[in-house]
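Below is one structure, written out as structure tokens; the observations come after it.
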Amino acid sequence: QLQLVESGGGLVQPGGSLRLSCAASRFTLGYSIGWFRQAPGKEREAVSCISSSGGSRTYADSVKGRFAISRDNAKNTVYLQMNSLKPEDTGVYYCAAYLGLGVCVLSTHEYGYWGQGTQVTVSS
């Protein structure tokens, strides 16, 4: 069973930065990893994903140019660097994984493994 643990959330002012980490319990080569978020009263939405090799990265339009996803397979960890944060980026951020090669997809239905989430609050 693959377990995922997010960290790095917190309170930040608009325009600030945070780096989230997603640590896996075991080897993740072969898994695509995604980041999702959920704001209060809203549905969970996709933020970004990265393929098993790291060669394919996809972003939601709302975060393009501001967020960057990366992975270190030697450390079984995926990162989400978030810059120029806005209040609308506030929410619980989850990392998730599915077994699959090739281009990753931003669909919650694909992902069978989920972390517990980390809170990100962007406010002055």
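Any read-out appearing in this document is the output of simple, stated calculations on the displayed coordinates, not a laboratory observation. Since this is a predicted model, take the numbers as computed values, not measurements. Positions of Cβ are generated from backbone atoms using ideal geometry, with glycine treated the same way; all protein chains shown enter the neighbour counts.
Overview of values
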| read-out | value |
| --- | --- |
| F67 being among the hydrophobic types (A, V, I, L, M, F, W, C) and closer than 16 Å to L106 by Cα | yes |
| Output for segment 10-40, where each listed residue is farther than 17 Å from G91 by Cβ and among the β-branched types (V, I, T) | T28, I33 |
| Strands (runs of 3 or more DSSP E) enclosed by segment 1-119 - at least 3 residues per element that are crowded, with 20+ Cβ neighbours inside 10 Å | 18-24, 31-38, 45-50, 67-72, 77-82, 91-99 |
